[in-house]
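Structure record follows, encoded as structure tokens.
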Amino acid sequence: MATAILRNLRQSPRKVRLLADVVRGKKVPAALIILKHATKRSASPLLKLLESAVANAKMQNLSPESLIVKEITVNGGAIAYRQMPRARGTAYRIRKRTSHISMTLEEPVTKNKKKTAKESQEKK
């Protein structure tokens, strides 16, 4: 299992989640192709994060071709508050949102898994 974290991406979490939902559950080579050809602004940081997670997996002697994007979460980060002048001298608050993204790569679970002794006893 390999992880990578990106903090304080200067884009709202709602916009980043659109592309994160597409990549979740895909194999790493397919996810790389999707992110390279996506037209969203969040594609570039997500691609860099995925490449970082793949590099972390290589350090753990895992094969990148066999990994899948097990988990990718996009949470809200710090919010910078600005003001915009409006009518009659009032000031409206503008929220500049940031995102925290964490990605986990994992090898897929094989279907021919051996049953444990406890599971075989429960079945009887």
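Numbers at a glance
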read-out	value
The stretch 60-75, residues that are in contact (Cβ under 8 Å) with a residue 24 or more places away in the chain and either surrounded by fewer than 16 Cβ atoms within 10 Å (Cβ to Cβ) or hydrophobic (A, V, I, L, M, F, W, C) (or both)	Q60, L62, E65, S66, L67, I68, V69, E71, I72, T73, V74, N75
Which numbered condition A31 fails, given (1) open to solvent by less than 30 Å² (accessible area, probe 1.4 Å); (2) in contact (Cβ under 8 Å) with a residue 60 or more places away in the chain	(2)
Residues (among the hydroxyl-bearing types (S, T, Y) and either open to solvent by less than 90 Å² (accessible area, probe 1.4 Å) or within 30 Å of K48 (Cβ to Cβ) (or both)) located in the stretch 82-110	T90, T98, S99, S102, T104
Flag if R24 is at pLDDT 95 or above, closer than 25 Å to A2 by Cα and of a type outside the set (V, I, T)	yes
Residue list for the stretch 90-106, filter: among the charged types (D, E, K, R) and assigned to a strand (DSSP E or B)	R93, R95, K96, E106
Failed criterion for T39 (all others in (1) open to solvent by less than 50 Å² (accessible area, probe 1.4 Å); (2) of a type outside the set (D, E, K, R); (3) in a loop (DSSP other than H, G, I, E, B) hold)	(1)
Check on V54, in a strand (DSSP E or B), in contact (Cβ under 8 Å) with a residue 40 or more places away in the chain and within 14 Å of K26 (Cβ to Cβ)	no
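The values are calculated or read from the model by the stated rules, or taken from the named source; none is laboratory data. Quick caveat: nothing in here was measured; it's all calculated off a predicted structure. Neighbour counts are summed over all protein chains in view; Cβ atoms, including those assigned to glycine, are modelled from backbone coordinates with ideal geometry. For accessibility, only protein heavy atoms count, side chains too; no ligands or nucleic acids. Shrake-Rupley method; radii C 1.70, N 1.55, O 1.52, S 1.80 Å.
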